[in-house]
Structures are given as structure tokens and as C-alpha cells.
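Worksheet: one structure, shown below.
The values are calculated or read from the model by the stated rules, or taken from the named source; none is laboratory data. Quantities reported herein were computed from a predicted structural model and do not represent experimental measurements. Counting neighbours? That spans all protein chains shown, and the Cβs are built from the backbone with ideal geometry, glycine included. The accessibility values were calculated without ligands, DNA or RNA, using every heavy atom of the protein model including side chains. Shrake-Rupley method; radii C 1.70, N 1.55, O 1.52, S 1.80 Å.
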Amino acid sequence: LETLAKRVLKHLKARKASVDIILMEEKELGALKKRFGLHKKGKRPDVLAFPEPRRFPHPEKKRKRPLGEVYLNRDLEKGEMKRLEFLLIHGILHLLGFSHDKKRDILRMEKLERKLIKLFHQ
């Protein structure tokens, strides 16, 4: 997942950026999404992305600008690696400012997700 994140950031011209990837148990991720009002009843919690505040100081990371954190449901790991990779790409796009608020935004984001999955799964 870390290698994929680096490749996606490089492809999207965000070379001086970094992303923290956190794998959580499904129950914990569900509780976190619920805490922030993002859990949809009856839907399996899969991904959550938190952008890093722009001016948050990071003296330990001199060269890379942290974009934020992507939380993934680690219980998907068992045989669903491609799904985890898609969700990581989805989370990274959110950290780069993509959204799915409007239909136009959804289509743009989905098109880029498909392109990146195809590019890195040949």
C-alpha cells in the first residue's frame, strides 16, 4: 500500500507530499466514522481520510509535505487487496481536494480512480 501511495502521488505530481496509511479493525473504523457522522447504516466501513492542516508544523519531515491520513478497514485485507488499493487511491484523492459533493465532482473523481487503478494494475 505504501508503494502504491508513492506511485499515485508521483503520477499526480504531488512528489513532495506524503500520506500516512492507518489500517484499522472494521469495528474501530466504524466507530470513528460514526463519531464524525460519516457512517452510513448498513454499509461496511471501508475508508476515511483526514487532511493535514496546511500550516501544521512537522519538523520531523523536512522534505515531504504531509497531506493527511487515510484510514482503511484492515479486515478487507483478507482476499480483497485490490479493494484496499482502490480505497487508498480514493482516500488520497480526497486529501488532494477531490470530492463527491456534486455529480460533476463524482464523475471526475471516478474517472481518475479508474485511470489510476488501470495504470497500476496492468
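Numerical summary
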quantity: Selection status of residue 70, among the aliphatic types (A, V, I, L, M), at negative phi and either in contact with a Pro (Cβ under 8 Å, 6 or more places away or on another chain) or modelled with pLDDT under 95 (or both); calculated: no
quantity: Selection status of residue 64, of a type in the set (D, E, K, R) and over 26 Å from residue 120 (Cβ atoms); calculated: no
quantity: Check on residue 13, part of a loop (DSSP other than H, G, I, E, B), surrounded by fewer than 19 Cβ atoms within 10 Å (Cβ to Cβ), modelled with pLDDT of 90 or more and more than 13 Å from the chain's Cα centre (by Cα); calculated: yes
quantity: Residues (touching a residue at least 12 places away in the same chain (Cβ under 8 Å) and open to solvent by 50 Å² or more (accessible area, probe 1.4 Å)) located in the range 23-32; calculated: 23, 25, 26
quantity: Positions within the range 97-122 being touching a residue at least 12 places away in the same chain (Cβ under 8 Å) and open to solvent by 60 Å² or more (accessible area, probe 1.4 Å), in sequence order; calculated: 119, 121
quantity: The range 33-48: number of residues that are open to solvent by 30 Å² or more (accessible area, probe 1.4 Å) and touching a strand residue (DSSP E or B) at 6+ places or on another chain (Cβ under 8 Å); calculated: 3
